[in-house]
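The values are calculated or read from the model by the stated rules, or taken from the named source; none is laboratory data. Computed from a prediction, not measured in an experiment: that's the story for all the values here. Here the Cβ positions follow ideal geometry from the backbone for every residue, glycine too, while neighbour counts run over all protein chains shown.
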């Protein structure tokens, strides 16, 4: 899933997610969910799923109309929906 590699802002669509401050860094077969710049949850990329290593969580992501959308699951039950926006690089 190389097209999803990068640094992303997580934007809440519905459910239990903070309204701001979450990000995802994805590189090949692994990544991190971060709160601000603090990595809080490592995950493994398996196809269109992000499976968290330390938590009973997983995200399913899909490309729709050129944008990445996702659903978060805890213990197999959906608890949120989100979209991923590319993190803009700062030019100084």
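List of remarks:
- Complete set of residues in the range 29-40 that are touching a residue at least 12 places away in the same chain (Cβ under 8 Å), surrounded by fewer than 17 Cβ atoms within 10 Å (Cβ to Cβ) and part of a strand (DSSP E or B): 30, 35, 39
- Residue 38 in contact with a strand residue (DSSP E or B) (Cβ under 6 Å, 6 or more places away or on another chain) and either farther than 16 Å from residue 86 by Cα or at pLDDT 95 or above (or both): no
- Yes/no for residue 46 being in contact with a strand residue (DSSP E or B) (Cβ under 6 Å, 6 or more places away or on another chain), under 21 Å from residue 78 (Cβ atoms) and either in contact (Cβ under 8 Å) with a residue 12 or more places away in the chain or loosely packed, with under 13 Cβ neighbours inside 10 Å (or both): no
- Search result, residues across the range 6-21 that are free of Cβ contacts under 8 Å to residues at least 60 places away in the same chain and in a strand (DSSP E or B): none
- Residue count for the range 49-71 satisfying the condition of being more than 18 Å from residue 30 (Cβ to Cβ) and touching a residue at least 24 places away in the same chain (Cβ under 8 Å): 2.
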